[in-house]
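The values are calculated or read from the model by the stated rules, or taken from the named source; none is laboratory data. It should be emphasised that the depicted structure is a prediction, and the values quoted were computed from it without experimental measurement. Cβ placement follows ideal geometry from the backbone for every residue including glycine, while neighbour counts extend to all protein chains displayed.
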Amino acid sequence: MMGAETRAERWRRARDASAVYALTAGAAPPVRPLAGEAAVDVAVVGGGITGLSTAWHLARAGVRVAVLEASTFGWGASGRNGGQINPGLKYEPAVVEKTFGADLGARMVTFSGGAPDKVFAIIAEAGIACEAVRSGTVRAAFSPGSVAFLERATGDLARRGAPVEWLGRAAMESMTGTGRYVAGAVDRRGGALNPLAYSRGLATAAEKAGALLHAGSPATALKRTRDGWQIETPGGRVTAGRVVLATNGYTDDLWPGLKRAVVPVYGGIVASEPLPREAVARILPGRHVLYEHESITVYYRLDAAGRLLMGGRSRLKPLAGPQAFGDLMHYTRRLWPFLGDLRWSHGWNGQLAITADHYPVLTNPAPGLMACIGYNGRGVAMASAMGGELARWATGTPAGALDMPVRPARSFPLHAFWPLGAAVRIAYGRMRNTLGL
């Protein structure tokens, strides 16, 4: 007889039922917990986009690789994010180059700007059905400071040859159906997909290529051996020459101190019922994805069925159901009053990882061990691309030759107080957005 369902299990079940992506994501890969001993060349901890992309790249190269996932593949942010495929890093190219130098900085700019290319290449090569569309990313602004910043940034990207276009107020209203925005820019490199379908497709493709996939297998201990590494799970043990940690917003104490390198901020999303045809023709008629370049980021898009997906920062606890995200529903009415009493069908949230300097943490804390976490809200494209870089490292490429910097993980000051700090920052940002500052 099974024991009583725990609070965490009840929330997980409610959250899984609330995520709209499952409606069209196809069947989840079977859960095969690790049972007994396994020996591979590379072990990957974390079955999200980073870990699965790494495994896919390695398996295609003939490398023996195993993935250990505590829950199911794509369970974390990889399968419940906003579904936006956005180019670039948090900072603009000139800042990246100034921070990391002409050579590495330029490689980082090229790598991150081309990350959406990697996503669409993986989808094509692996044959993943995930409602992918290369429609472009719109950055929107309504405050004077953000408008000035976007104008400078768009000009810099255009001079570098990026396919970007500056949009004035009239163009933004035509593209978005709202008069909220003073200006914006569209970057043709971006796009959208169903992230749960993409994650599940990556898992299937990696397994077909020869990777060993073990869901329901949390890594409980990691230790050095004479020849490499050993990872313990509740059902068995994996030995590997090299290990990749790809746990992002759900990083725990498996490797000492690593979780202090990120703050796991919660993002929430609400999904409407499919909109009427005339509403779809007014709201993002080109099916672009959009995010606001303001104090608190709000992002949205229409999915393949015409549902409006609105996302933003949420309360710092697990939530499920559309009524838990009243601020996002209220903002929707502000953007598009003509929608009237819009019907919302789904709502969910989850953890994404923010780093102290807003660059991903790629760190090599011990020989044969690499961790890659902290995408700062740009995980679909960057995690897909980083899987290829991690595969390069695991097959012998020196860390210094990778296109992202390998450096010590920087701990957040006063990490234990991150929930309070994040809550204050979100409240402050919402106030600024409301005032148009």
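Brief remarks follow.
- Scanning region 30-66 for residues being among the aliphatic types (A, V, I, L, M) and either closer than 19 Å to Thr225 by Cα or touching an Asp or Glu at 6+ places or on another chain (Cβ under 7 Å) (or both) gives a total of 10.
- In region 331-356, the residues that are surrounded by fewer than 13 Cβ atoms within 10 Å (Cβ to Cβ), on the phi < 0 side of the Ramachandran plot and at pLDDT below 95: Asp341
- Looking across region 134-147 at every residue that is assigned to a loop (DSSP other than H, G, I, E, B) and polar (S, T, N, Q), the one that is farthest from Leu202 (Cα to Cα) is identified as Ser143.
- Residues in region 301-318 that are surrounded by fewer than 21 Cβ atoms within 10 Å (Cβ to Cβ) and closer than 25 Å to Asn376 by Cβ: Arg315, Leu316, Lys317, Pro318.
Here is a yes/no grid of residues against (1) over 28 Å from Ala126 (Cβ atoms); (2) of a type in the set (Val, Ile, Thr); (3) without any contact (Cβ under 8 Å) to a residue 40 or more places away in the chain; (4) in a helix (DSSP H, G or I):
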site: Ala171; (1), (2), (3), (4): yes, no, yes, yes
site: Leu202; (1), (2), (3), (4): no, no, no, yes
site: Leu213; (1), (2), (3), (4): no, no, no, no
site: Glu232; (1), (2), (3), (4): yes, no, yes, no
site: Pro264; (1), (2), (3), (4): yes, no, no, no
site: Ala271; (1), (2), (3), (4): no, no, no, no
site: Glu278; (1), (2), (3), (4): yes, no, yes, yes
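- All told, Gly168 meets the bar of being surrounded by fewer than 19 Cβ atoms within 10 Å (Cβ to Cβ) and out of contact with any Lys or Arg (no Cβ under 6 Å at 6 or more places or on another chain).
- Selection of region 218-269 for residues being at pLDDT 95 or above, of a type in the set (Phe, Trp, Tyr) and touching a Gly at 6+ places or on another chain (Cβ under 9 Å) yields only Trp229.
- Of the strands (runs of 3 or more DSSP E) lying entirely inside region 315-406, those containing at least 3 residues that are in contact with a Ser or Thr (Cβ under 7 Å, 6 or more places away or on another chain) and more than 24 Å from Ala66 (Cβ to Cβ) span 344-355.
- Of residues in region 173-200 being touching a Lys or Arg at 6+ places or on another chain (Cβ under 6 Å) and not in a loop (DSSP other than H, G, I, E, B), the one nearest to Ala28 (Cα to Cα): Ala192
- Residues within region 85-106 that are out of contact with any Ser or Thr (no Cβ under 7 Å at 6 or more places or on another chain) and of a type in the set (S, T, N, Q), tallied: 1
- Considering region 234-262, the residues that are assigned to a strand (DSSP E or B) and not hydrophobic (A, V, I, L, M, F, W, C) include one that is farthest from Ser411 (Cα to Cα), namely Gly236.
- Subset of region 93-110 [within 15 Å of Asp187 (Cα to Cα) and surrounded by fewer than 17 Cβ atoms within 10 Å (Cβ to Cβ)]: Thr110
- When Ala206 is tested against the conditions (1) over 22 Å from Thr332 (Cβ atoms); (2) small (Gly, Ala, Ser); (3) in a loop (DSSP other than H, G, I, E, B), the lone failure is (3).
- Residue selected from region 42-84 under the condition in contact with a strand residue (DSSP E or B) (Cβ under 8 Å, 6 or more places away or on another chain) and among the basic types (Lys, Arg), by the criterion surrounded by the most Cβ atoms within 10 Å (Cβ to Cβ): Arg80
- One residue from Glu151, Glu131, Glu97, Glu125 being under 22 Å from the mean Cα position of the chain (by Cα), among the acidic types (Asp, Glu), over 26 Å from Val265 (Cα atoms) and part of a helix (DSSP H, G or I): Glu125
- Just one of the listed residues (Ala205, Ala192) is buried (at least 17 other Cβ atoms within 10 Å of the Cβ), modelled with pLDDT of 95 or more, within 28 Å of Ala305 (Cα to Cα) and out of contact with any Ser or Thr (no Cβ under 9 Å at 6 or more places or on another chain), and it is Ala205.
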